[in-house]
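*Asks:* Shown below is the structure under consideration.
The values are calculated or read from the model by the stated rules, or taken from the named source; none is laboratory data. All values reported here derive from a predicted model rather than from experimental measurement. Ideal geometry is used to build each Cβ from the backbone, glycine not excepted, and the neighbour counts take in all protein chains shown.
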Amino acid sequence: AQSVTQLDSQVPVFEEAPVELRCNYSSSVSVYLFWYVQYPNQGLQLLLKYLSGSTLVKGINGFEAEFNKSQTSFHLRKPSVHISDTAEYFCAVILNQAGTALIFGKGTTLSVSS
Amino acid sequence: SQTIHQWPATLVQPVGSPLSLECTVEGTSNPNLYWYRQAAGRGLQLLFYSVGIGQISSEVPQNLSASRPQDRQFILSSKKLLLSDSGFYLCAWRGTGAWYGYTFGSGTRLTVV
């Protein structure tokens, strides 16, 4: 079965600093990968996804992520964060086959301060 | 366009009381539907998913059940709530096809007291 590990539960950064949120997955078959963002007491919003093709994917709000198959990683990055980026971020994976569901990591809380 | 509705937004229920959370999807047919629960520090846990009317798969044995009485309706229920059922419940849908993206509802904050 597939699993997702988000290596940092909390990441505090200062405004305008770069940030990387780490995500590793395990699966014996090919997968699709996602990053979602959740603001307090709200549902999840898709930031970006990797389905196939270029391993560097760009998403909304200036975020990007790189799929590294050899390291089974899908780290999320942003070169300069804003206060408004403070939220919880979830990495998720789904197997490339029918009848499976999206599996999430435990989340990383990004706290941006001035 | 497709939309997903989830209600209520907030719910406070006593221990031992029943529960019914409803999720409906508009603008699509035969969606795959999912219930997730988010508890503090535990990420999102898949509870149930359904690929069609009356078809329910349970991922975690627990005090909850799910039903899909109509194509675009997904209901999460409990006969007797436990304190451990507290959490943030999210419904999601996925269309069929190559794009496996999920769309999430706005969630229900359940507090069992």
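*Asks:* Mind checking which strands (runs of 3 or more DSSP E) fall wholly inside segment A:1-94 and carry at least 2 residues that are among the basic types (Lys, Arg) and buried (at least 17 other Cβ atoms within 10 Å of the Cβ)?
*Replies:* The strands (runs of 3 or more DSSP E) meeting that bar number zero.
*Asks:* What pairs can you find where one residue is in segment B:50-67 and more than 18 Å from residue B:102 (Cβ to Cβ), the other is part of a loop (DSSP other than H, G, I, E, B) and of a type in the set (Asp, Glu), and their Cβ atoms are less than 7 Å apart, with a gap of 6+ or different chains?
*Replies:* B:53/B:71
*Asks:* Do we have any residue at all in segment B:94-102 that's under 10 Å from the mean Cα position of the chain (by Cα), modelled with pLDDT under 95, part of a loop (DSSP other than H, G, I, E, B) and not aromatic (Phe, Trp, Tyr)?
*Replies:* no
*Asks:* List the pairs whose first member sits in segment B:1-25 and is touching a residue at least 40 places away in the same chain (Cβ under 8 Å), whose second member is charged (D, E, K, R) and part of a strand (DSSP E or B), and whose Cβ atoms are under 8 Å apart, counting only residues at least 6 apart or on separate chains?
*Replies:* From segment B:1-25, the pairs are B:2/B:26; B:4/B:26; B:5/B:26; B:6/B:22; B:7/B:22; B:9/B:109; B:10/B:109; B:11/B:109.
*Asks:* I'm checking my understanding of the structure. Among residues of segment B:10-27 that are surrounded by 15 or more Cβ atoms within 10 Å (Cβ to Cβ) and of a type in the set (A, V, I, L, M, F, W, C), which one is farthest from the chain's Cα centre (by Cα)?
*Replies:* My answer is B:11.
*Asks:* So, in segment A:55-114, how many residues would count as being without any contact (Cβ under 8 Å) to a residue 24 or more places away in the chain, within 14 Å of another protein chain (Cβ to nearest Cβ) and in contact with a Phe, Trp or Tyr (Cβ under 6 Å, 6 or more places away or on another chain)?
*Replies:* 2
*Asks:* Let me ask something else. What number of residues within segment B:40-60 are over 20 Å from residue A:102 (Cβ atoms) and either touching a Gly at 6+ places or on another chain (Cβ under 6 Å) or at pLDDT below 90 (or both)?
*Replies:* 1
*Asks:* Right, here's the next one. Out of curiosity, is residue B:65 surrounded by fewer than 21 Cβ atoms within 10 Å (Cβ to Cβ), under 26 Å from residue A:94 (Cβ atoms) and modelled with pLDDT of 90 or more?
*Replies:* yes
*Asks:* Additional query: Where in segment B:1-47 are the strands (runs of 3 or more DSSP E), entirely inside, with at least 1 residues that are under 28 Å from residue A:89 (Cβ atoms) and out of contact with any Ser or Thr (no Cβ under 8 Å at 6 or more places or on another chain)?
*Replies:* Once the strands (runs of 3 or more DSSP E) in segment B:1-47 are filtered for at least 1 residues that are under 28 Å from residue A:89 (Cβ atoms) and out of contact with any Ser or Thr (no Cβ under 8 Å at 6 or more places or on another chain), what remains is B:3-7, B:19-26, B:32-38.
Here is a yes/no grid of residues against (1) in contact with a Pro (Cβ under 8 Å, 6 or more places away or on another chain); (2) modelled with pLDDT under 95; (3) over 28 Å from residue B:9 (Cβ atoms):
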site: A:28; (1), (2), (3): no, yes, yes
site: A:39; (1), (2), (3): no, yes, no
site: A:46; (1), (2), (3): no, yes, no
site: A:54; (1), (2), (3): no, yes, yes
site: A:70; (1), (2), (3): no, yes, yes
site: A:74; (1), (2), (3): no, no, yes
site: A:77; (1), (2), (3): yes, no, yes
site: A:82; (1), (2), (3): no, no, no
site: A:93; (1), (2), (3): no, yes, yes
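*Asks:* Moving to a separate point now. If I filter segment B:74-113 down to residues being of a type in the set (S, T, N, Q) and exposed (fewer than 15 other Cβ atoms within 10 Å of the Cβ), which single residue comes out as nearest to the other protein chains (Cβ to nearest Cβ)?
*Replies:* Top of the filtered list is B:96.
*Asks:* Being touching a strand residue (DSSP E or B) at 6+ places or on another chain (Cβ under 8 Å), within 22 Å of residue B:111 (Cβ to Cβ) and among the hydroxyl-bearing types (Ser, Thr, Tyr), is that true of even one residue in segment B:56-71?
*Replies:* Looking for residues that are touching a strand residue (DSSP E or B) at 6+ places or on another chain (Cβ under 8 Å), within 22 Å of residue B:111 (Cβ to Cβ) and among the hydroxyl-bearing types (Ser, Thr, Tyr), one finds at least one in segment B:56-71, hence yes.
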